[in-house]
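Colleague: Pasting a structure below so you can have a look.
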Amino acid sequence: MTRYRGKVTTKPPPIDGLSYEMCRDELITIVSKLEAGAATLDESMALWERGEALAKRCEQLLDGAQQTIEAATNGGDA
């Protein structure tokens with residue numbers, strides 16, 4: 001069992017449903033845990049894999065926001 005945002009759960013929520021801010025905050029937490037070096041190898045690998053997925057999700061969300069802004073600003077020029 002782990003704690004996620006104050007709730008006791010067996011695993012963290014799916015990344016697909018997380019907002020950019022939630023992904024970023026969890027990624028910061030993961031980096032801190034990995035930098036502390038207190039996790040076992042298996043825990044570190046699981047954290048690293050989740051961190052990679054969170055970083056990818058952040059990138060997707062930022063790319064989507066950028067496309068929305070570009071579409072809005074280009075639409076005004078026509």
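The values are calculated or read from the model by the stated rules, or taken from the named source; none is laboratory data. No experiment lies behind these values; they were computed from the predicted model shown. Neighbour counts are summed over all protein chains in view; Cβ atoms, including those assigned to glycine, are modelled from backbone coordinates with ideal geometry. Remember, those area values only see protein heavy atoms, side chains included, never the ligands or the DNA or RNA. Shrake-Rupley method; radii C 1.70, N 1.55, O 1.52, S 1.80 Å.
Colleague: Within the set of pairs 6 or more residues apart or between chains, which connect a residue that is touching a residue at least 60 places away in the same chain (Cβ under 8 Å) inside region 17-33 to a residue that is surrounded by 14 or more Cβ atoms within 10 Å (Cβ to Cβ) with Cβ atoms less than 8 Å apart?
Modeller: none
Colleague: Filter region 8-36 for residues that are open to solvent by less than 60 Å² (accessible area, probe 1.4 Å) and farther than 26 Å from Leu62 by Cβ and give the result.
Modeller: Thr9
Colleague: Among the residues of region 42-61, what is the count of those that are under 13 Å from Leu27 (Cβ atoms) and loosely packed, with under 12 Cβ neighbours inside 10 Å? Break it down stepwise before answering.
Modeller: Of the residues in region 42-61, the ones under 13 Å from Leu27 (Cβ atoms) are 47-59, 61.
From what is left, the residues that are loosely packed, with under 12 Cβ neighbours inside 10 Å are 49.
Matching residues across region 42-61 total 1.
Colleague: If a residue must be in contact with a Leu (Cβ under 6 Å, 6 or more places away or on another chain) and not hydrophobic (A, V, I, L, M, F, W, C), how many such residues does region 45-70 contain?
Modeller: Total meeting the criteria: 1.
Colleague: As an exercise: evaluate Val8 against (1) part of a strand (DSSP E or B); (2) at pLDDT 95 or above and give the number of the one condition it does not meet.
Modeller: If we test Val8 against (1) part of a strand (DSSP E or B); (2) at pLDDT 95 or above, just (2) comes out false.
Colleague: Are any residues in region 46-78 over 20 Å from the mean Cα position of the chain (by Cα) and part of a helix (DSSP H, G or I), and if so, which ones?
Modeller: Going through region 46-78, the residues over 20 Å from the mean Cα position of the chain (by Cα) turn out to be 68-78.
Hits for region 46-78 are Thr68, Ile69, Glu70, Ala71, Ala72, Thr73, Asn74, Gly75.
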